[in-house]
Amino acid sequence: MYDIGKDITVLAIESSCDETAAAVVKNGTEVLSDVIASQIDIHKRFGGVVPEIASRNHTLALPNVVEQALKDAAVTFGNIDAIAVTYGAGLLGALLTGVSYAKGLSCALKLPLMAVSHVRGHIAANYIAHKDLKFPYICILASGGHSAVLEVKDYDIIDVLGSTRDDAAGEAFDKVARSLGLPYPGGPEIQRLAAEGKPVISFAKPFKNENHYDFSFSGLKTAVVNYIANAKTPISKADVAASFQAAAVSQLSDNALRAAKSRGIKSIALSGGVGANLKLREELSAACAQNGIKAYFLPLRLCTDNAAMIGAEAYFMIKKGKPFAGLDLDAKANLDGYIG
Ligand code: KG4
Ligand code: ZN
């Protein structure tokens with residue numbers, strides 16, 4: 001068995017989409033370094049992430065990103081107790097680059113390897129930022145690949161109360177932005193344009209009067225795209241952005257609030273790239289304040305993809321006695337039970 005010391009320092013690697021990231025995290029919450037090499041500028045010209053290009057660039061970036069993470073943390077491989085890597089969900093080729101690299105490190109350095117779910121990593125970002133967050137809490141995860149309402153009962157006990165039946169929230173932001181002629185990634189662009197407009201166009205809400213916590217963003221996305229395509233007179237792009245944003249955000253906020261209220265839970269945490277959205281934060285803050293619930297928001301760097309969150313999750317997995325991965329570890333595009 002591996003001899004894991006009292007203090008556990010993890011070198012974490014994340015390559016599930018278009019960020020190549022590595023971090024050194026001590027005891028789950030102390031981020032000694034957090035390096036992110038973004039490929040956004042490479043993919044921007046294609047209007048979205050091209051999987052094959054993402055994989056190739058991860059392969060090029062990984063050695064430098066890992067070296068930088070060690071340097072920033074002022075440690076060497078000799079100070080590392082475990083390697084952690086995102087094994088899913090995400091782009092299969094992109095994941096494989098990180099998994100293969102991490103396996104190589106684990107083998108060469110004789111260090112244990114922890115396979116981490118990207119979704120659980122997004123949730124674990126909360127433990128880095130919010131030292132006072134107590135179980136149980138409701139977590140809304142809204143990213144480019146996932147949208148879910150989760151009841152987090154312990155580090156490793158998480159119920160998926162609802163998830164998207166089609167697109168993820170971030171995917172809808174990106175597609176709507178594209179149809180408005182805005183660059184990738186669309187979320188921050190929509191947010192910026194929406195601030196200049198008013199939510200005057202009413203896009204139908206899905207699942208009206210239905211008693212569950214699932215989302216649907218595909219119908220909303222299509223309604224917006226059709227609205228733009230069928231307009232007979234010039235449209236206000238800012239109003240379209242504001243109206244789409246309002247509709248997307250209210251689904252996320254409403255479901256989280258209903259889940260918390262129905263369970264008497266007093267904390268709601270927001271994770272994932274869409275969690276950076278200011279309108280969502282504003283709406284959730286107001287709804288929580290009215291209901292005596294505390295809302296927890298992450299610093300922007302911990303909302304979007306990073307490796308620090310993977311290092312945090314790996315630590316809590318080790319503490320909970322989860323088994324380390326073998327060299328037969330495989331990357332997975334989709335995770336069992338949505339969160340892995
Ligand atoms: O968590 P993340 O970095 O990657 C995935 O795991 O998917 O999320 C990326 C998504 C993109 O769709 C991006 O447009 C969206 O997060 N996003 C935002 C904002 N910032 C990033 N969406 C809405 N408002 C934002 N401010
Ligand atoms: Zn993510």
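Is it fair to say residue 281 is within 16 Å of ligand 1 (Cβ to nearest atom), in a helix (DSSP H, G or I), under 21 Å from residue 146 (Cβ atoms) and of a type in the set (D, E, K, R)? For residue 281, the condition - within 16 Å of ligand 1 (Cβ to nearest atom), in a helix (DSSP H, G or I), under 21 Å from residue 146 (Cβ atoms) and of a type in the set (D, E, K, R) - is met.
The selection criterion, being under 16 Å from residue 141 (Cβ atoms) and away from ligand 1 (no atom under 16 Å from the Cβ), holds for residue 260.
Every test in (1) within 15 Å of ligand 1 (Cβ to nearest atom); (2) over 16 Å from the mean Cα position of the chain (by Cα); (3) farther than 24 Å from residue 182 by Cβ is passed by residue 267 save one, and that test is (1).
Reported count of residues in region 282-332, each being under 19 Å from residue 9 (Cβ atoms) and over 20 Å from the mean Cα position of the chain (by Cα), is 7. For first residues located in region 140-151 and outside the structural domain of residue 255 (by TED's automatic domain parsing), partners that are of a type in the set (Lys, Arg) and surrounded by fewer than 24 Cβ atoms within 10 Å (Cβ to Cβ) and lie 6+ apart or on another chain with Cβ distances below 9 Å do not occur.
Every residue, every condition in (1) more than 21 Å from the chain's Cα centre (by Cα); (2) under 17 Å from residue 144 (Cα atoms), yes or no:
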position: 30; (1), (2): no, no
position: 37; (1), (2): no, no
position: 42; (1), (2): no, no
position: 54; (1), (2): no, yes
position: 71; (1), (2): yes, no
position: 80; (1), (2): yes, no
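Taking the residues in region 18-41 that are in contact (Cβ under 8 Å) with a residue 24 or more places away in the chain and not in a strand (DSSP E or B) as candidates, determine which candidate is farthest from residue 181 (Cα to Cα). The selected residue is 27. Here's a check for you: in region 219-261, which residue that is hydrophobic (A, V, I, L, M, F, W, C) and touching a residue at least 60 places away in the same chain (Cβ under 8 Å) is farthest from residue 154 (Cα to Cα)? Top of the filtered list is 240. Of the residues making up region 302-325, just one is surrounded by fewer than 16 Cβ atoms within 10 Å (Cβ to Cβ) and outside any loop (DSSP other than H, G, I, E, B), namely 319. Being surrounded by fewer than 23 Cβ atoms within 10 Å (Cβ to Cβ), at pLDDT 90 or above and within 25 Å of residue 186 (Cβ to Cβ), is that true of even one residue in region 62-83? The answer is no; no qualifying residue exists.
Please enumerate the residues belonging to region 84-96 that are in a helix (DSSP H, G or I) and crowded, with 24+ Cβ neighbours inside 10 Å. Within region 84-96, 94, 95 qualify. Look at region 262-289: where a residue is under 26 Å from residue 185 (Cβ atoms) and a partner is assigned to a loop (DSSP other than H, G, I, E, B) and acidic (Asp, Glu), sitting 6+ places away or on another chain with Cβ atoms under 8 Å, you get 273/305.
The values are calculated or read from the model by the stated rules, or taken from the named source; none is laboratory data. Worth saying up front: this structure is predicted, and the values here are computed from it rather than measured. Backbone-built Cβ (ideal geometry, glycine too); neighbour counts: all protein chains shown.
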